[in-house]
Amino acid sequence: MTLLHISIQQEQSEGKDADCILLGPQVRHTLEQVQEMLPNVPVGVIEMRTYGFMDAKAILAQARKLMGEI
């Protein structure tokens, strides 16, 4: 699994090849827009607390759940 940080502007071009996309809580308002742009890619929002504590283990678990791995 490769983790990338990309901007909202890059999501349409870079995101189509993603296994999943997790948005930071500060851009949660773009969730529907990203889901519409990339209908074949699971998209979620990282919880504020998880993001704030930089809890990589919880973020990875969220990504795996989005992808149907757990």
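Numerical summary
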item: Scope the range 19-29; condition touching a strand residue (DSSP E or B) at 6+ places or on another chain (Cβ under 9 Å) and either surrounded by 16 or more Cβ atoms within 10 Å (Cβ to Cβ) or not in a helix (DSSP H, G or I) (or both); matching residues; result: Cys20, Ile21, Leu22, Leu23, Gly24
item: Identity of the residue in the range 29-41, under 10 Å from the mean Cα position of the chain (by Cα) and closer than 13 Å to Ile8 by Cβ, that ends up modelled with the highest pLDDT; result: Leu31
item: Where Gln62 falls short, out of the listed (1) part of a helix (DSSP H, G or I); (2) modelled with pLDDT under 95; result: (2)
item: Options Gly15, Gly44: the member that is in a helix (DSSP H, G or I) and either under 11 Å from the mean Cα position of the chain (by Cα) or surrounded by 14 or more Cβ atoms within 10 Å (Cβ to Cβ) (or both); result: Gly15
item: In the range 47-69, residue surrounded by the most Cβ atoms within 10 Å (Cβ to Cβ) [restricted to those that are in contact with a strand residue (DSSP E or B) (Cβ under 7 Å, 6 or more places away or on another chain) and closer than 15 Å to His5 by Cβ]; result: Ala63
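The values are calculated or read from the model by the stated rules, or taken from the named source; none is laboratory data. Everything quoted here is computed from the prediction, not taken from an experiment. FYI the Cβ positions are ideal-geometry reconstructions off the backbone, even for glycines, and counts take in every protein chain you see.
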